[in-house]
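Working notes, structure below.
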Amino acid sequence: MSSKKDHPPRQLPAYGTIATAELTKSVPKEATVAVVPVLAGGDADATVSLPGSLVADERAAAEIVRQLEVHGATGALGEVHALVAPESATKKGLPERLVAVGLGEERLLPGGRDADEGAGDRIRRAAGEAARAVAKGATGPVVVATTLGDWGIREAVEGWILGSYTFRGERGAGGRTVVASPGTGRVQVESHVAVLTEKRPTTREKEELVRATIIAESVAFARDLVNTPANVLNPEAYANELAGQAEFFGLDSEILDETELHREGFGGVLAVGGGSERPPRVVRLSWKPRKAKRHVALVGKGITFDTGGISLKPASGMEKMISDMGGSAAAAAAAIAAARLNLPIQVTATLPLAENMPSGKATRPGDVVTHYGGITTEILNTDAEGRLVLADAIARASEDEPDFLLETATLTGAQITALGNHTAGVMGSEEFRDRVAQTGRREGERAWAMPLLEEHTEELASPIADIRNHSNSRDGGMLYAGRYLEQFVGEGIQWAHVDVAGPSWNDKGPSGYTPSRATGVPARTFIAVLEELAEES
Ligand code: BES
Ligand code: MN
Ligand code: ZN
């Protein structure tokens, strides 16, 4: 594992900022704020209690509890209160500024008697809320000490870094202290968290910190890509950014341009990208460690903007369609993370990138296209474009005969209707589908297994092509799309398709470690599945 210090090439006008993290035995001298965990319940006569060692002095702890009670604190998960450290505690090195963060009831936390598959994510969420609370209103560098790592260093660090993510785009720094990295366009707000350990941090603990940092940085990269507007992130610019990042971290990359796509027969990608002045690309990133026994193909939808094409979308809310490349961003981030984590598993990401625009060169409803590998599709609705580019990519990825094919896309509005904004729909080979959904829930990227129906196989039939991209019924649209994609998966490959139309974008305001706009979902699920598959082999 390596956490590189120098930056990969940065070609976009803006990147988000994130906190840095370290493990220390004691509160650093430079600390400007301490984040104190608070538990709900506790003694019969107290609503809240202070766990752990951050405020060792019992009188000081009692005063903090009193302050919390005056504020009406309940210790509920993610609840934050600004407090002032008692004098006896500041004399022992605690900063004056305290932020208390609720963890909820102890029994539901990792190690607690009622801990479930969501226990670890409670720590991430609390850490994320705390990270945003300490940054609020800060004009100078923020250096934080916290004992949140007592419930899991990995979760505390991931939650903290992910929660600290701030994307200001092409605005200035808003009065905050910034360090500009020359020539990169990156504006870095100084924010650092020291996660306290009981003794001097062990090698294992340090490895956990590095791992959590790599995972959070990978998610931040996926968020950066999704947050970048489509006038900047066109297929060519996107392809170059992915290749630049991937090569820096030791992956091989290949970019197929429109000439190569024609030559190799990527008819779906060319049809969808044909309406745009900015031609499509297919990017292939590969991580091939010598000791790998298993091969996982990743595929992600990369529509840099989805107007719907000739089947034009309504104007209201269309700006959200800059997120229609979120699947490819998460898949690319996971492939790069596999390399940074040095996972002993072969990973090949195939990423079809195209802009879906209406024009004189755009695909019409009724057109028939030939996909990579030869299957033909009658295009009945040009707004069902994701499956057309994924068809080519899945067929191409299958040609390598991977053991697993893990694919994700902001594919259908029907996913949002069925499961809402917080839960992805997972379809595919039964066993692998169930595993991906369960791993997602454990990582806090909630996901639910959905069925594929025989009835939809019948509805795929077209009078003039092998299949059609749209049934005339709106019902079960997520499942119909799953059935469509299945046609392109090679024999004997374990396959899962993750529809993240809802979970990839957050327009309900920040919460836990999830900021507004891009969420990076399902990058952490993909990374966790790769880790599991690598470990077993
Ligand atoms: N990119 C959209 C799906 C989407 C909708 C993502 C809302 C995020 C939020 C996709 O390309 C699309 O337009 N799907 C159509 C399919 C239909 C025409 C069969 C849809 O869901 O309406
Ligand atoms: Mn569409
Ligand atoms: Zn789309």
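The values are calculated or read from the model by the stated rules, or taken from the named source; none is laboratory data. Predicted model, so just to flag it, every value in this text is computed and none were measured. No Cβ is skipped: glycine too gets one built from the backbone with ideal geometry, and neighbour counts run over all protein chains shown. Only protein heavy atoms, including side chains, enter the accessible area calculation; ligands, DNA and RNA are left aside. Shrake-Rupley method; radii C 1.70, N 1.55, O 1.52, S 1.80 Å.
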Original post:
Taking θ as phi - 60°, what are the ³J(HN,Hα) couplings along segment 28-35 by the Karplus curve (6.51, -1.76, 1.60), each to the nearest whole Hz, with x for Gly and Pro?
Top reply: x, 4, 7, 4, 9, 7, 10, 9
Original post:
Using the Cα gyration tensor of segment 399-478, with a ≥ b ≥ c the square roots of its eigenvalues, what is the shape: rounded (a/c below 1.5), prolate (a/b larger than b/c) or oblate (neither)?
Top reply: oblate
Subject >> Whether segment 16-201 is rounded, prolate or oblate, judged on the alpha carbon gyration tensor where a/c under 1.5 counts as rounded >> reply: prolate
Subject >> Cα extents of segment 50-111 along the three principal axes, largest first (Å) >> reply: 34, 25, 16
Original post:
Length gain on complete extension for the stretch E96 to D116, per 0.36 nm per residue less the alpha carbon to alpha carbon distance?
Top reply: 3.6 nm
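Compute the FRET efficiency between S537 and E264 as 1/(1 + (r/R0)^6), taking r as their Cβ-Cβ distance and R0 = 41 Å, and round to the nearest 0.05. Write down the numbers at each step before the final one.
Working: r = 31 Å, r/R0 = 0.75.
After rounding to 0.05, the efficiency reads 0.85.
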Original post:
What is the extension gain from R171 to L380, computed as 0.36 nm multiplied by their sequence separation minus the C-alpha to C-alpha distance, in nm to one decimal?
Top reply: 71.1 nm
Original post:
Each residue of segment 286-299 in turn: what ³J(HN,Hα) in whole Hz from Karplus with 6.51, -1.76, 1.60 and θ = phi - 60°, glycine and Pro shown as x?
Top reply: 9, 10, 10, x, 5, 7, 5, 9, 10, 10, 10, 9, 10, 9
Subject >> Kyte-Doolittle mean at least -1.0, axial Cα span of 30 Å or more - DSSP H helices of the chain >> reply: 203-227
**OP:** Identify all lysines with a Cα-Cα distance to K361 below 21 Å; exclude those on the same chain that are fewer than 8 residues away in sequence.
**Re:** K313
**OP:** Could you run the Karplus curve 6.51 cos²θ - 1.76 cosθ + 1.60 with θ = phi - 60° over segment 265-281 and give me ³J(HN,Hα) per residue in whole Hz, x for Gly and Pro?
**Re:** x, 7, x, x, 5, 5, 5, 5, x, x, x, 9, 5, 9, x, x, 9
Original post:
Which value in nm describes the separation of the simple spin-label points at E458 and E399, placed 7 Å from the Cα toward the beta carbon?
Top reply: 3.5
**OP:** Could you tell me the distance between the Cα centroids of segment 288-307 and segment 353-379, to the nearest Å?
**Re:** 23
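Place the peptides 142-149, 120-127, 51-58 in order of packing, highest mean first, counting for every residue the other Cβ atoms within 10 Å and averaging per peptide.
Numbers: 142-149: 25.5, 120-127: 27.2, 51-58: 16.2.
Per-residue Cβ counts within 10 Å, averaged per peptide and sorted highest first, yield 120-127, 142-149, 51-58.
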**OP:** Distance from a point 7 Å along Cα→Cβ of V210 to each backbone N in segment 246-268: keep the residues under 16 Å and list them by number.
**Re:** 249-250
**OP:** Report the equivalent ellipsoid semi-axes for segment 234-309 in whole Å, largest first, defined as the square roots of five times the eigenvalues of the gyration tensor built from alpha carbon atoms.
**Re:** 26, 14, 12
Original post:
Which pairs in the list K206/K293; K206/K288; K199/K291; K136/K508 are over 24 Å apart, alpha-carbon to alpha-carbon?
Top reply: K206/K293; K206/K288; K199/K291
**OP:** Any chance you could run the full-extension gain for K361 through S511? It's 0.36 nm times the residue separation minus the Cα-Cα distance, nm to one decimal.
**Re:** 49.8 nm
**OP:** Give the relative contact order (percent, whole number) for the chain; include only Cα pairs under 8 Å separated by 6+ residues.
**Re:** 15
**OP:** Any chance you could check the Cα centroid distance between segment 102-135 and segment 50-91 for me, in angstrom?
**Re:** 18
Subject >> Rounded accessible area per residue of segment 198-256, 1.4 Å, Å² >> reply: 41
**OP:** Using packing as a proxy for protection, rank 226-234, 452-460, 343-351 so that the peptide with the highest average count of other Cβ atoms within 10 Å comes first.
**Re:** 343-351, 226-234, 452-460
Original post:
To two decimal places, what compactness ratio does segment 458-537 give when its Cα radius of gyration is scaled by 2.2 N^0.38 Å?
Top reply: 1.49
Original post:
For the chain, which semi-axes, largest first and in whole Å, follow from the square roots of 5 times the eigenvalues of its Cα gyration tensor?
Top reply: 44, 23, 21
Original post:
With a ≥ b ≥ c the root eigenvalues of the C-alpha gyration tensor of segment 399-537, is it rounded (a/c under 1.5), prolate (a/b larger than b/c) or oblate?
Top reply: oblate
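What percentage of all Cα-Cα pairs in segment 264-365 are separated by more than 16 Å?
Percent of Cα pairs beyond 16 Å in segment 264-365: 61.
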**OP:** Please give the net charge around A133, taking every other residue with its beta carbon less than 13 angstrom from that of A133, where Lys and Arg add +1 and Asp and Glu add -1.
**Re:** +2
**OP:** Would you mind computing, in nm to one decimal, how far apart the modelled labels at R474 and V368 are, each placed 7 Å from Cα along Cα→Cβ?
**Re:** 3.0
Original post:
Going 7 Å from the Cα of S26 toward and past its Cβ, which residues in segment 191-222 have a backbone nitrogen under 16 Å from where you end up?
Top reply: 195-201
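Tell me the carbon and sulfur percent of the accessible area for segment 16-201, rounded to whole percent, probe radius 1.4 Å. Show your work: numbers first, answer last.
Numbers: 4260 of 8550 Å².
Of all accessible area on segment 16-201, carbon and sulfur atoms account for 50 percent.
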